[in-house]
Structures are given as C-alpha cells and as structure tokens.
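Read the structure below first, then the notes.
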Amino acid sequence: MLLPLLLPLLSALVSAVEVKRPRGVSLTNHHFYEESKPFTCLDGSSTIASDWVNDDYCDCQDGSDEPGTSACPNGRFHCTNAGYRPQYIPSSRVNDGVCDCCDATDEYNSGFVCENTCKEMGRKEREALVQMAEVAREGFQLKQVLIEEASKGREDKQRTLAELQEGKKSLEEQVEMLRSGKEAAEKPEKEAKEIHQKKWEEQKAAEKAAQEQARASEAFQDLDDDGDGLVSVAELQTHAELDVDGDGTLSETEAQTLLGNALQADVASFQDTVWAAIKENYKPEGLPDAAPLPEAPREEAPEPQPDLPLEQPAPEDDYDDEEEEEGDDDESNEEEPKVPPPKQPSDKAAEEDEEEKMPPYDEATQALIDAAQKAREQFEEAEKSLKEMEDSIRSLEKEISFDFGPQGEFAYLYSQCYELATNEYVYRLCPFNRVSQKPKHGGAETNLGTWGSWAGPDENKFSLMKYEHGTGCWQGPNRSTTVKLTCGKETVVTSTTEPSRCEYLMELVTPAACQEPRDPGAADHDEL
C-alpha cells in the first residue's frame, strides 16, 4: 500500500541501469528476446530469427514476435511508464496517433508528439494513496474501538439477558398468584352483582305488571259505559280500532271472541284475558287518533287599504295598538289555559333510559366490586410487565444471535439506519434489518429486501451483505439488494445503483470494513 512512496527511487535506479530489450517488451519478459539467439514464440508454436522480431510482420500465432508494432491483431505492447504504473495495451494501438502510454512510447513513429505525463500522474496517485492509507489507518483504529465496545456490549447484553430470564421466573410466579387472587375476588363480586341484577329485574317486572294492571283498570272503566261493572259486546264495539279482520268495524262475533267467547266480562276476567288481546290496538276515548290543530280565532276581514308608499308603516301597527287598548279594557276575560308542548322523542328516550338504568350497588356489593377491580388492576399490571420482559428477552436473544463479524466489529450497525437521497428517491439502509426506497416527492415505500446473510467470498465473507425477498417487480422477481462494505472513517451510504432489473447494489462506507495496514516491506510491487 505504501509502495508508491518508493516509486521515485526505483525510477532512478531503472534509469541508471537500462536493460536492453526490444520495444514493447517488459523487463520480466526480456530474457525471451535475446538478440544473439533465435526467438521462440511464447506459445511455442514456432521459432524464428531474432531479427524478425518487430519487423512489422506477424510470424507468431500469439503475436509475441511483434510487441512493438501493430502487425499482430492479438499482440500486446508494454508501457514502462516510469514514475507511474506500467501497463499493457493492445499492439494495434501502437502508432495510431492516440497517446495511450503516459510515457509516450507507443507513438514513437506516428509523427504525433505525446507529452510524458507519468511523473505528474504518479504524483497524484501517490497523494491519493497516501490519503487512502491515512483513512485506512484511522479507520482501523476506529475499528479497534468498535471491537472493544462490541465485546463489552455483548457481555452487558448477556448479563442483562441472564438477569431478565431469572427475573422472569419470579414474575411468572407473581402473575399466577395475582391471577388466583383476581379469580378469588371476582367470584363473590359476580355473585353479588347477579343478586343485585336479579332484584332489579324483579322490581322492574313488578312495576311493569302494576302499570299494566293500572292501564287495564283504566281501560275497563273507560269501556264500561253504563257503569254496571261489566264490559259487554256492545260496549266493546264502540271501539272500531279493535277491528280484527281490517274491514273498519268491530263485529259482534269479533267482540265476543275478544271477550273470550262471552257476551260480557267482569274486571277480573277483563284483566286476565281480554286486556291482553286488545291492549296493542286499544285507544282511550279521550285520545283521538290525531289531535287536530287548534283553529285560530277568525278575524273579520279588514277593509281594503289603499296602496301605501314603501316608507309608510303597515296598517297592522294601528290594529295592534287597538287590540292592546281593548285588552286593557277587558280585564274580565280569562286567559286561555296554556297546553304544555308534547314531549320530544329525545326527551322520551332519555326518560326511558333513566327508568331502565340500574340503581347503584349497595355498600357491601360495591366493596366487593372495588376489591375485585383492584385485584384485576394488580394482575393486569404484572401481566403487562411480564409481557414487556418477554419482549426484551426475545429482542436480546435475537441481537446476540447475529453474526456481527469475526470480532463483533459490525455490531454497532444494529438498530441503526442510514439514508441516501438522489434526484428521484431516498434510499434507506437499516443493517441486519431491511433496505427500502421511497419517492422523494411523495409516494409509497418499496421494500428492496430484508436481511438475508453475509455474501462475500470465502476469503472476505464480511465484505458483502445480502438482502432478499423484497417487493416483487411487475412480471419480474422480488427485489433484492447487495450492500458492499468499504473502509472509511465515517459510516455513510455513498451510492445506490440497479445493475440488473430489480437487483440493487449499495455501497456502505464503515470503519468496521477497514483492514490492518500491511507492512510496506512485505508488500508486492509492480515493475517500473
């Protein structure tokens, strides 16, 4: 990683000791191109004279005899690029008028002048690599802190879990004890409330029976027109509303049937038999079917008045004055009795509700109810605490079961969410939970996958996260997301793309992905 810092020194050494080799051949392959010996194609297909190398004619099938010309379509030209990174380019690009090598060696005979930019490119790359090395170093230091916190956090969670599991046993015993106490308190409460309910219902039934008997007595007196203590067929026939067959009149036969197939009925038989048959249709004589509205007193028609201008008062004003004077003079006139307005349906319903309302419990019953309610509240509170404790236990067990990396370095991502806003969408990543997408300017959220597993290669398993079984695409698969983890000092989502339909790729920068910096002396390096 720190090898670029050594590039200037190695470049100077190479410049001081130039190894003679054909154009376009790398240092590592120069021993295949000895000028004093025939050249054997690198694929072993044939052997040619050494002066046929770079003669602008392709003799080898693999193009290895023309590394410095464009004669072979499959040949490769090696750019030394001293001061920067060496590279291979297709030999077809040699002398094509385009500068492909930063050291300009590929345009040696095109007449096109290329500037050697290797030193400047090397300088910029070294600066970038130094910056990346610094980020990696600081990120790895942060990773050590995360590992330490994860270890301590795991121990704390395991200790808390053990305490909760132990506390759950005692709380379960308490809940069962309170359950028994509640059931014991509810039994006498139920019995006392049933007794109270039964007394109230008996009282209502008695009151209703008395009211019904009173109605029957009033009806008997109303029907007994001659006051002989009997209701006869003729007397019953005066109430046409009791008509049975709907022809508008109560026939003698119908009346006898209502009287229990008798010609008359005394008070006892009327209350026992007749009243039950007629009470639904019976109307007292004093209550007509529809009370007519009181007629307004007729007034003499006033004499026709001439048309008056709009500004003049109406003639009624004079009449009102006269009526007031007459009213003052006629003090002997009695005021008309005021008839109270009929009860509105809502008032009647309220009155019926009040009558139907059960009276308060007696002191002893109320004491049993209060005791049972207190027992219920204590039980419900304990049961609620037990449920919350069970939820906490499940949550801790789930968190502890997650694979947060070799040393738990990714544990801090749990229960966190990170967002990335683009021109159209806001992407939300909740590690170890789910990935979602929501339109920036309003709309429903789309599930891009829920946590599946680590999906990196065997040598770097924790470099990729896989989220699966998201919202289905129209006539396509369910959405899924792969999250690539890269090293950085901060935790942030840097990009989201959709390489394939319904398959998303997201990049998450995190210190937990930083590896320990390698020893520069042990690092591999490329030829300059």
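Throughout, read-outs are computed from the coordinates displayed, never taken from laboratory work. What you are looking at is a predicted structure, and each value in this text was computed from that prediction instead of being measured. Note that we place each Cβ from the backbone using ideal geometry, even for glycine, and neighbour counts take in every protein chain shown.
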Original post:
Taking K and R as +1 and D and E as -1, what net charge do the other residues with C-beta under 15 Å from the C-beta of L142 add up to?
Top reply: -4
**OP:** For the range 472-516, run through the GluC sites (Glu not before Pro) and keep only the ones in DSSP coil with at most 13 other Cβ atoms within 10 Å of their Cβ.
**Re:** E490
Original post:
Which loop chymotrypsin sites (Phe, Trp or Tyr not before Pro) in the range 445-518, with loop taken from DSSP, have no more than 13 other Cβ atoms within 10 angstrom of their Cβ?
Top reply: W474
**OP:** Using Cα centres only, tell me the gap between the range 455-500 and the range 374-447 in whole Å.
**Re:** 19 Å
Subject >> Residue-count net charge about D362 - beta-carbon cut-off 12 Å; Lys, Arg +1, Asp, Glu -1 >> reply: +1
Subject >> Extension gain, W474 back to D55 (0.36 nm per residue minus Cα-Cα distance, nm) >> reply: 144.9 nm
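Take the residue pairs K152/K384; K124/K489; K168/K384 and return only those whose Cα atoms are more than 19 Å apart.
As for pairs spanning more than 19 Å Cα to Cα, those are K152/K384; K124/K489.
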Original post:
Between T238 and K198, how many nm apart are label points set 7 Å from Cα along the C-beta direction?
Top reply: 4.7 nm
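May I ask you to list the trypsin sites (Lys or Arg not before Pro) in the range 462-513 that are in a DSSP loop and have at most 15 other Cβ atoms within 10 Å of their Cβ?
The qualifying sites are R501.
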**OP:** Estimate the FRET efficiency between R23 and R394 by the formula 1/(1 + (r/R0)^6), using the beta-carbon distance for r and 60 Å for R0, to the nearest 0.05.
**Re:** 0.25
Original post:
Given a Förster distance of 60 angstrom, what is the FRET efficiency for W454 paired with R215, based on the Cβ-Cβ distance and rounded to 0.05?
Top reply: 0.10
Original post:
For the range 108-236, what is the charge dipole size about the Cα centre, in debye to the nearest 20, if Lys and Arg each add +1 at the Cβ and Asp and Glu each add -1 at the Cβ?
Top reply: 2040 debye
**OP:** With r as the distance between the Cβ atoms of K157 and S463 and R0 = 22 Å, compute the FRET efficiency 1/(1 + (r/R0)^6) and round to 0.05.
**Re:** 0.25
Original post:
How many nm separate the modelled label positions at T273 and F140, each set 7 Å beyond the Cα in the direction of the Cβ?
Top reply: 11.3 nm
Original post:
What does the charge add up to near G456, with Lys and Arg as +1, Asp and Glu as -1, over the other residues with Cβ less than 13 Å from its Cβ?
Top reply: 0
**OP:** Using the structure shown, list the pairs from K387/K438; K438/K466; K199/K279; K182/K204 with a Cα-Cα distance above 22 Å, or answer none.
**Re:** K387/K438; K199/K279; K182/K204
